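Report on the structure given below.
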Amino acid sequence: MKRRNRFQLGLQAAERFFRLRIRNQVMSRLRGLRFAHLPTFMITGTKGKTTTSRLVAAILTEAGHTVGLVTTDGVSVAGKVVATGDQAGVRGHRIVLRDDRVTAAVLETARGGLKRNGLSMRPVRAAALLNVGYDHVGADGIATQDAMARLKARVADNGRHVVLNAEDARCLALAARYRPQRVTLFARRITHPALAAHAAAGGHIVGADDADVVVWRQAGHEPVVIAPLADMPVTLSAMSDMFIDDVHAAAALTLSIGVEPAAVRDGLVGFQGGREHNPGRLTFFNGHPFTLAVDRGFEASIIANAAGTVARFSGGGRRVAALSCVGNRPDEHLRRIGDVARENFDHVILYEEPTYRRGRAAGEIAGLLAEGLDRSGFPRNAWEQADDTEQAMARAIALGEPGGVVFLMSTRSDAVELVERILRDAQPGEGV
C-alpha cells in the first residue's frame, strides 16, 4: 500500500510539473503577442548580465523611454526601485510588463528562473548571450558548460535580433543557427577575424578600433563611430576588459533595434558605474593610500578579471583579499576560487556569510576555499579565516598598505553600504 501511495504521489507531482510547464509556455506566448509593440530586451550569460542590462536601460532612457529594468538586484521603473532581491526571471519580468508606464523593458534572465519556469515572454525584440562560464555548472542537473550553453541558448533563440560574444567559443558557434542579418557579433576589437567574416556575410558587428573607439558596422553601410572607451566611466579608463565587453553588448543590443547612435553614445558616456549606477559591480572607494574595491563576482575567472583590473590602479604594494562564495556552487567551483588567489593576492582572509551557506554546514565553504589555496601552493601563513563578512572586510582593510590593493569579494547585496559603514566606524591608526 505504501509503495502504491508513493507511486500516486509521484504521478501527482509529475502532473503538477507538466501542467505548470505548459501553462508557462502558453503565458509566455501570450505575453509575446500582447507586448509585441514594446521594445523588449532579454539578456543572459555567466557574467556581465546586470551591468549590460543597466547600460541598455541608460541608453533607452537617453532615447526617451520610460524603462522597466529587471536584474538580480531588483526591479526599477524610470530609475525608481519597485522590488528588491533577485528578480531575474518570470516574477520580475511580470512586474515590469504589468506597469503601464513602461515604454521599453530590459529583462535580465538568470539560469535559475530559466531552468525552473522557462521564458517569461516569446519572442522579444532583441536577446543577448554574453558568455558561458563555469559558474553554476554542476547545479540543478547542468553537468557541463555545453549543457549550460544549451539552456542559455533558449534566450538567444527568443530574440528577433540576436547579440553574441564572438570571443566566447560557445556563443560564436551559436551564430550559425541564425541568418547573418539577424545577428550582431561583438568583440573587444573590431578587427577580430570572426567579426570580419560575419560582416562579409551580411551581419552586424560592434567592437573597438585601434584607437579604442567603439565602432558599429551594419552590412551595406559605412561604419558608425559611437565614442572612445575612455570617455565611458564604466570602462575605468578603458582598463576593464569585462566592462568593455558589457559596453559592446549594450551598444549591439540597442543599435540592432534602431536606437539612434547619438542616444547610444550619450547613454554609455553618461553611465558612471560604481556606487551611483552599478553598485556591487567592482565599486571603488577613493581617499585611501591603497586601492580599495568591492565586487560580487562568484566565479574564479570573474575574480581573476576583477583583481587584474584593480591591480592596474595600484602602486605595486601588497595585495589583500577577503574571499567567500555562496554555498549552492559545486565543491570544485569553490576550490577554484582558492586556486585563483595564488596568482592575484599576497594575503587572503576567508569567511562565510551564514545566510548564503545555502544548505552547507558551518565552515564547509571556507574549508573548500582553503583546499584550493593549499592546492595552489598559497603559503599557509599568508591566509586566515574570519567569522563573518564584516570581520573579514574590516581585517582586509586594516591590512592595506600604501600603494597596495584591498579587494573585497562579497556575497551580500548591501556590500557597498557595508564597506562604507566599516570605513566610517574605523578608528585612526587602524589601517584606513
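General observations
- Taken over region 188-239, the criterion of being closer than 30 Å to residue 279 by Cβ and in a helix (DSSP H, G or I) is satisfied by 229, 230, 231, 233, 234, 235.
- Boolean, residue 430 is more than 23 Å from the chain's Cα centre (by Cα) and modelled with pLDDT under 95: yes
- Selected residue [touching a Gly at 6+ places or on another chain (Cβ under 9 Å) and not in a loop (DSSP other than H, G, I, E, B)] from 68, 92: 92
- Test result for residue 19, at pLDDT below 90, over 30 Å from residue 167 (Cα atoms) and basic (Lys, Arg): yes
- Test result for residue 301, in contact with a Ser or Thr (Cβ under 9 Å, 6 or more places away or on another chain), of a type in the set (Ser, Thr, Tyr) and modelled with pLDDT of 90 or more: no
- Residue match in region 257-275 (condition: modelled with pLDDT under 95, part of a helix (DSSP H, G or I) and surrounded by fewer than 22 Cβ atoms within 10 Å (Cβ to Cβ)): yes
- Within region 286-397, helices (runs of 4 or more DSSP H) holding 1 or more residues that are acidic (Asp, Glu) and outside the structural domain of residue 241 (by TED's automatic domain parsing): 331-344, 364-376
- Near pairs, Cβ below 8 angstrom, 6+ apart or cross-chain, from region 329-354 (closer than 12 Å to residue 301 by Cα) to any residue that is surrounded by fewer than 18 Cβ atoms within 10 Å (Cβ to Cβ) and basic (Lys, Arg): 338/375; 339/375
The values are calculated or read from the model by the stated rules, or taken from the named source; none is laboratory data. Note that the structure is a prediction, hence the values are computed from the model and not measured. Glycine also receives a Cβ, built like all others from the backbone with ideal geometry; neighbour counts cover every protein chain displayed.
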